[in-house]
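Down below is the structure, laid out as structure tokens.
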Amino acid sequence: MSRGRFLLAAAVLLLVGQSSANLPPRVAIIIDDLGYRLDEGRRAIDLPGPIAYAILPATPRGPQLARLANERGKDVLLHLPLQAVVHDGPPEPGGLVLDMSRAAFEAKFADAIASVPFAIGVSSHRGSLLTRHPGHMGWLMAEISRRDGLFFIDSYTTHESVALHIARESGVAATRRDVFLDHDGRRETVRRELQRLKKLARERGQAVAIGHPYPETLEVLEEELPNLAEEGIELVPISRLIT
């Protein structure tokens, strides 16, 4: 590289670094498990700011809630059920499991993504078993890649997940969850985890949280989201934090 080009490249990197340093800490919040109950879904979509909404496939209210979120200019995600190590109850509609053939896997994914209109990304639901398997995650990323512009979010229900690594190996834009806001459904937990989200964002520059449409979670977010800007935190769409 010539001296002139080297100096130009160094100047660009310096400007990028200065620009990044001047950005406020950014957070994105996803509300999961929408699609079954209309009232809680509407209340979630009424939250202030660019919250994202992860809608389960083949749910009775999923398309209606997806349309409403899209009309409000908010990100819509397919919340794709992936097999967990332990799951009590019947199989979930649209779920992907370990013993599927690749053809069955591809067909199930196609049905799932078609059932959530306006989805711009895919997030994992459960998945503590399937996200450990590189082969199946490779299949999933291949399906996401075939649909232009889709990204992936690993809800990260197990530290053994390889989903984010496989996504990046496959060229799929992706990120993963940093904080669960409401693992026990208590208001004090939501407040504490929201503080942790802000702390991580200040340390790292950005952080991602997942919550659920529980009354306690929505109540805390209704109270606290309007205060983020005053605290120097920028709430952004999840699509802005995908790399």
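The values are calculated or read from the model by the stated rules, or taken from the named source; none is laboratory data. Quick caveat, the model's predicted, so the values are computed rather than measured. Ideal geometry is used to build each Cβ from the backbone, glycine not excepted, and the neighbour counts take in all protein chains shown.
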Residue in the stretch 203-217 that is over 20 Å from Ala54 (Cα atoms) and part of a helix (DSSP H, G or I) present: yes
Residues of the stretch 23-51 that turn out to be over 18 Å from Phe180 (Cα atoms), crowded, with 21+ Cβ neighbours inside 10 Å and in contact with a Ser or Thr (Cβ under 9 Å, 6 or more places away or on another chain), as a count: 1
Selected residue (only one of Asp148, Asp182 is touching a strand residue (DSSP E or B) at 6+ places or on another chain (Cβ under 6 Å) and not small (Gly, Ala, Ser)): Asp182
Test for Thr175: is it touching a residue at least 60 places away in the same chain (Cβ under 8 Å) and not hydrophobic (A, V, I, L, M, F, W, C): yes
Whichever residue in the stretch 171-194 is among the charged types (D, E, K, R) and part of a helix (DSSP H, G or I) and, among such residues, is surrounded by the most Cβ atoms within 10 Å (Cβ to Cβ): Glu193
Among residues of the stretch 217-243, those that are farther than 16 Å from Glu188 by Cα, touching a residue at least 40 places away in the same chain (Cβ under 8 Å) and not acidic (Asp, Glu), counted: 13
Among residues of the stretch 127-140, those that are touching a residue at least 12 places away in the same chain (Cβ under 8 Å), closer than 21 Å to Ser101 by Cβ and surrounded by fewer than 22 Cβ atoms within 10 Å (Cβ to Cβ), counted: 6
Index of the failed condition, Thr243 passing every other in (1) modelled with pLDDT under 95; (2) in contact with a strand residue (DSSP E or B) (Cβ under 9 Å, 6 or more places away or on another chain); (3) more than 30 Å from His165 (Cβ to Cβ): (3)
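Kindly check whether there is at least one residue in the stretch 133-144 that is acidic (Asp, Glu), in contact with a strand residue (DSSP E or B) (Cβ under 8 Å, 6 or more places away or on another chain) and within 25 Å of Leu65 (Cα to Cα).
no
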Selection count, the stretch 40-73, where residues are of a type in the set (A, V, I, L, M), closer than 22 Å to Leu241 by Cα and in a helix (DSSP H, G or I): 4
Scan of the stretch 218-231 for residues that are polar (S, T, N, Q) and not in a helix (DSSP H, G or I), ordered by number: none
Enumeration of residues in the stretch 1-45 that are modelled with pLDDT of 95 or more, of a type in the set (Gly, Ala, Ser) and at negative phi: Ala28, Gly41, Ala44
